[in-house]
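Participant: What follows is a single structure, and I will ask about it in a moment.
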Amino acid sequence: MEERDVRFVRLWFTDVLGFLKSVADAPAELEGAFDEGIGFDGSAIEGFARVYEADMLAKPDPSTFQILPWRGEGPSTARMFCDIVMPDGSASYADPRYVLKRTLTKAADQGFTFYTHPEIEFYLFKDTPQTGVEPTPVDRSGYFDHTAQSMGADFRREAITMLEAMGISVEFSHHEGGPGQQEIDLRYADALSTADNIMTFRTVIREVALSQGIWASFMPKPFTQHPGSAMHTHVSLFEGDRNAFFEAGSQYQLSKTGQQFIAGILTHASEITCVTNQWVNSYKRLLGGGEAPSYICWGHNNRSAMVRVPMYKPNKGQSTRIEVRSVDAAANPYLAYAVILAAGMKGIAEGYDLPREAEDDVWSLTERERTSLGIAPLPKSLYDAIGIAERSELLAETLGEHVFDFFLRNKRAEWEEYRTQVSAFERDRMLPVL
């Protein structure tokens, strides 16, 4: 920090709903922060503590130290992610980062390391959102379009430069299907690093957008007629240096472990959807068609399936993986990856059988055809997802009692508030005729 003239260090952590929190610390105070943590009022943070148990400590993780490049020239500002602990030094049961670390530790005890690779979609708008006004996209381009003087291309170049300056490697970037919609894919990393990177990614995207006089949003479905924003995530398990999902000569080169992991995700898909798709608006994306999955099934290179096995690359067994396509761009990555891993590991532990592959476009099938194939729907609303999640032992065990209880109470409150709102659809349809 002395070498880089760091004057402020922002200590970051995430609340239960996935919103980033930050407290600035002077470098002189960091030694104490590493030893004892920085105290704060946990009752003021969504889902952290009740008033009578409010004292908590944020302990910075030095491996996450990075300079914030958007702070400009002159004295530098850095950031570190924190683990949240109680005054007695024990891990906080309410810390989403700890929920993921705890789940990763269980997998590690069985010899597995969990790797993830997210494809993050988002929209760019010309103006700051205004109540009751549909936002205006920065362009009218479509999937993979290359357009002269493209604001999206310039934006992606600056954002990627900033991400890589922070040590976050980017694999691909391109324009997505909706007007103003972008996609940036992060490279494979262990799931904890990926979750930290996603939280940093969202901050970088918003900072770059604001610096260019535009607005970035990760809202799952901002437009009725255009695609929603997903966070398709490729996942794999490794045993040391060996890809546990790879088996030469098997169908799609997918090992028994890989098949059972998929079966676990599919078996518990309805239970974990409340976490991977936690907002009322998330279900507008899942019901909206396009490439958003609405049904619980898997397929090889089938983009209508919830879980996809990508095309195998000859002589690249290490690249064998599966893609979970239901996760949306606004999920809390710590909790989302924890429940996906827990569901997959349950499939391995219980030896679940992989159901029949969905070979057709699932959207084009009739309800009777889907039923005959054993393809069930994902929850159709947040209300449905909450009802299923409340009965889930897997979810309660993975999240822990405190996070499980707070998360579901918050989601119930969101649904109750939502269902009392009078929508533009109702006014447009009914005011002229009723």
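All of the numbers you see were taken from the coordinates with simple rules; none came from a lab. Computed from a predicted model, the values in this text were never measured in an experiment. Cβ sites come from the backbone with ideal geometry, for glycine too, and all protein chains shown count toward neighbours.
Participant: Over the Cα atoms of segment 235-329, compute the convex hull volume and normalise it per residue, giving Å³.
Facilitator: Value for segment 235-329: 102 Å³ per residue.
Participant: For the residue pair Met311 and Ala165, what label-to-label distance in nm results when each label sits 7 Å from Cα along the Cα-to-beta-carbon direction?
Facilitator: Distance between the two pseudo-spin positions: 3.7 nm.
Participant: Can you compute 3J(HN,Hα) from phi for each residue in segment 31-39, using the Karplus curve 6.51 cos²θ - 1.76 cosθ + 1.60 with θ = phi - 60°, rounded to whole Hz and x for Gly and Pro?
Facilitator: Running phi through 6.51 cos²θ - 1.76 cosθ + 1.60 with θ = phi - 60° gives 4, x, 5, 5, 6, 10, x, 9, x Hz.
Participant: Near the amide H of Ala189, under 5 Å away, which other amide H atoms are found, from residues 5 or more places off or on another chain, if H is placed in the peptide plane?
Facilitator: HN-HN under 5 Å from Ala189: Thr116.
Participant: For Arg10, enumerate residues with amide H under 5 Å from its amide H, sequence gap 5+ or separate chain, H modeled in the peptide plane.
Facilitator: Here the answer is Asp25, Ala78, Arg79, Met80, since their amide H atoms fall under 5 Å of that of Arg10.
Participant: Compute from the Cα atoms of segment 102-426 the Rg and the Dmax, the latter being the longest Cα-Cα distance, and quote both in angstrom.
Facilitator: Calculated on Cα positions, Rg and Dmax stand at 19.5, 56 Å.
Participant: Taking H placed 1.01 Å from N in the peptide plane, check which residues at least 5 places from Gln181 or on another chain put their amide H under 5 Å from its amide H.
Facilitator: The answer is Leu124, Glu176.
Participant: Going toward the positive end of the dipole of the chain, with +1 on Lys and Arg Cβ and -1 on Asp and Glu Cβ, which of Ser372, Ala263, Phe406 do you reach last?
Facilitator: The residue sitting most towards the positive pole is Ser372.
Participant: Please tell me which of these pairs span more than 20 angstrom C-alpha to C-alpha: Lys106/Lys346; Lys59/Lys411; Lys101/Lys411; Lys21/Lys106; Lys101/Lys346; Lys126/Lys411?
Facilitator: Result: Lys59/Lys411; Lys101/Lys411; Lys21/Lys106; Lys126/Lys411 exceed 20 Å.
Participant: Run through segment 80-184 and list the chymotrypsin sites (Phe, Trp or Tyr not before Pro) located in a DSSP loop whose Cβ has at most 10 other Cβ atoms within 10 Å.
Facilitator: Phe144
Participant: Which value, in Å to one decimal place, does the Kirkwood hydrodynamic radius take for segment 1-141 when every pair of different Cα atoms is included?
Facilitator: Final number for the Kirkwood radius of segment 1-141 is 17.9 Å.
Participant: On a full-extension model of 0.36 nm per residue, what is the gain between Glu36 and Phe65, subtracting their alpha-carbon distance, rounded to one decimal in nm?
Facilitator: Result: 8.7 nm gained on full extension.
Participant: At 24 Å minimum axial length over the Cα atoms and a Kyte-Doolittle cut of 0.5, report the qualifying DSSP H helices in the chain, or say none.
Facilitator: Helices meeting the span and hydropathy rule in the chain are 191-211, 333-350.
Participant: Taking the Cα-to-Cβ direction at Leu287 and at Arg242 and moving 7 Å from each Cα, how far apart do the two end points lie in nm?
Facilitator: Here the answer is 4.7 nm between the modelled labels.
Participant: Using the crude model of +1 on Lys and Arg Cβ and -1 on Asp and Glu Cβ, and no other charge, please compute the dipole size for the chain relative to its Cα centre, in debye to 20.
Facilitator: 1020
Participant: Moving on to the next point. Taking 60 Å as R0, compute the FRET efficiency from the Cβ-Cβ separation of Gln225 and Ala26 and round it to 0.05.
Facilitator: Between Gln225 and Ala26 the formula returns 0.75.
Participant: What ranking do 20-28, 405-413 get when scored by the average of other Cβ atoms within 10 Å per residue, highest first?
Facilitator: 405-413, 20-28
Participant: A further question follows. Can you tell me the order of 275-281, 318-324 when each peptide is scored by its average per-residue count of other Cβ atoms within 10 angstrom, highest first?
Facilitator: Peptide ranking by packing, descending: 275-281, 318-324.
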